[in-house]
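Data block below; observations after.
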Amino acid sequence: MEISWFGHTCFRLQDRILTVVCDPYDGSVGMSLPRLTADVVTISHGTNGHSNAKGVKNWRKVLSGPGEYEIEGVFITGIPTYHGTEESDSREPNTVFLFEYPDLNICHLGDLGHILKESEVEALPNIDVLMVPVGGRHTLDAAKAAEVISIIEPAIVIPMHFLMKTSEKQLESVDRFLKEMGVPAPEPIGSLKLTKKSQLPSETQVLLLTPRQ
């Protein structure tokens, strides 16, 4: 399994069984989506920065809402949540996606904006890798992201949706999240490669990925 980040909330999960692209964006986020191919595309919610499925080539299926799916032996579960804080007058739907590969459980929180309820957490057992928004505004800020991580207890955390040169200026920096987690800034890596659970750390570890373009 190789996990690559392309900025914003767009990731590619590349495995010999099934390749998934999560939340492909369009030019509205200030970046151009690289040439990507995938078997499956997932969309956490329908805004332009998360739903550019046509920017991905050769996909066989697009998943854009709650449900349970099995594709090539990989179980994918879409869990209904919200984009926006609990205090918002109106909250857009957001789908959290759980990918259960034979050897790894990976979760992409999309644009989650609230602390998960007990029923939502119960749908996310034994998460190995968690992609979590940390930049605030309509999504989790640093403090809430840290709280969600403490509830889920993943082995590896990859922050996303934070302030970059091309992103919305209202977003918080990833440094604020790292401070909230109480960890020093790790050296960014190009991608995360895992082949088995024995490679996972015994305690939650935060990794920074360099956005690939």
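The values are calculated or read from the model by the stated rules, or taken from the named source; none is laboratory data. Since the model is a prediction, treat every value here as computed from it, not as a measurement. Heads up, the Cβs are rebuilt from the backbone with ideal geometry, glycines too, and the neighbour counts pull from every protein chain shown. Accessible surface is based on the protein model in full, side chains and every heavy atom, while ligands, DNA and RNA are left aside. Shrake-Rupley method; radii C 1.70, N 1.55, O 1.52, S 1.80 Å.
Summed over the range 28-43, residues that are in contact (Cβ under 8 Å) with a residue 60 or more places away in the chain and touching a strand residue (DSSP E or B) at 6+ places or on another chain (Cβ under 6 Å) total 1.
Within the range 147-167, is even one residue closer than 28 Å to GLY30 by Cα, polar (S, T, N, Q) and touching a Ser or Thr at 6+ places or on another chain (Cβ under 9 Å)? So far as the range 147-167 goes, no, none of its residues is closer than 28 Å to GLY30 by Cα, polar (S, T, N, Q) and touching a Ser or Thr at 6+ places or on another chain (Cβ under 9 Å).
Just wondering, is there one or more residues in the range 126-138 that are out of contact with any Cys (no Cβ under 8 Å at 6 or more places or on another chain), more than 21 Å from HIS45 (Cα to Cα) and modelled with pLDDT under 95?
Going residue by residue through the range 126-138, those that are out of contact with any Cys (no Cβ under 8 Å at 6 or more places or on another chain) are 126, 128, 132-138.
So of that shortlist, the ones also more than 21 Å from HIS45 (Cα to Cα) come out as 126, 128.
Subset that is modelled with pLDDT under 95: 126.
Within the range 126-138 (the criterion being out of contact with any Cys (no Cβ under 8 Å at 6 or more places or on another chain), more than 21 Å from HIS45 (Cα to Cα) and modelled with pLDDT under 95), the answer is yes, since at least one residue qualifies.
Taking first residues from the range 44-60 that are open to solvent by 20 Å² or more (accessible area, probe 1.4 Å) and partners that are aromatic (Phe, Trp, Tyr) and assigned to a loop (DSSP other than H, G, I, E, B), the Cβ contacts under 7 Å between residues at least 6 apart in sequence or on separate chains come to ASN52/TYR25.
Among the residues of the range 117-135, are any within 26 Å of GLN213 (Cα to Cα) and open to solvent by 30 Å² or more (accessible area, probe 1.4 Å)? Spell out how you get there, then give the answer.
Here is the first cut: in the range 117-135, the ones within 26 Å of GLN213 (Cα to Cα) are 128-135.
This time we only want the ones that are open to solvent by 30 Å² or more (accessible area, probe 1.4 Å), so: none.
No, the range 117-135 contains no residue that is within 26 Å of GLN213 (Cα to Cα) and open to solvent by 30 Å² or more (accessible area, probe 1.4 Å).
Scoring ILE76 on the criteria (1) at negative phi; (2) assigned to a loop (DSSP other than H, G, I, E, B) leaves a single failure, condition (2).
Taken over the range 75-93, the criterion of being open to solvent by less than 10 Å² (accessible area, probe 1.4 Å) and modelled with pLDDT of 95 or more is satisfied by ILE76, GLY78.
For the range 137-152, the set of residues classified as without any contact (Cβ under 8 Å) to a residue 40 or more places away in the chain and in contact with a helix residue (DSSP H, G or I) (Cβ under 7 Å, 6 or more places away or on another chain) consists of LEU140, ALA142, ALA143, ALA145, ALA146, ILE151, listed by residue number. Out of the residues in the range 200-211 that are open to solvent by less than 90 Å² (accessible area, probe 1.4 Å) and outside any strand (DSSP E or B), which is nearest to ILE149 (Cα to Cα)? Of everything passing the filter in the range 200-211, THR204 is nearest to ILE149 (Cα to Cα).
Does the range 60-69 contain any residue that is at pLDDT below 95, among the charged types (D, E, K, R) and assigned to a loop (DSSP other than H, G, I, E, B)? No, because not a single residue in the range 60-69 is at pLDDT below 95, among the charged types (D, E, K, R) and assigned to a loop (DSSP other than H, G, I, E, B).
Looking only at residues that are crowded, with 19+ Cβ neighbours inside 10 Å and either among the charged types (D, E, K, R) or out of contact with any strand residue (DSSP E or B) (no Cβ under 6 Å at 6 or more places or on another chain) (or both) in the range 101-116, which one is nearest to LYS193 (Cα to Cα)?
In the first step, residues of the range 101-116 are kept if they are crowded, with 19+ Cβ neighbours inside 10 Å; the result is 101, 104-114, 116.
Still in the running and either among the charged types (D, E, K, R) or out of contact with any strand residue (DSSP E or B) (no Cβ under 6 Å at 6 or more places or on another chain) (or both): 104-105, 111, 116.
Working: LEU104: 12, ASN105: 14, ASP111: 24, LEU116: 28 Å.
Of everything passing the filter in the range 101-116, LEU104 is nearest to LYS193 (Cα to Cα).
With the requirement that a residue be surrounded by fewer than 24 Cβ atoms within 10 Å (Cβ to Cβ), at pLDDT 95 or above and not in a loop (DSSP other than H, G, I, E, B), what does the range 6-33 give you? Those that are surrounded by fewer than 24 Cβ atoms within 10 Å (Cβ to Cβ), at pLDDT 95 or above and not in a loop (DSSP other than H, G, I, E, B): ARG12, GLN14.
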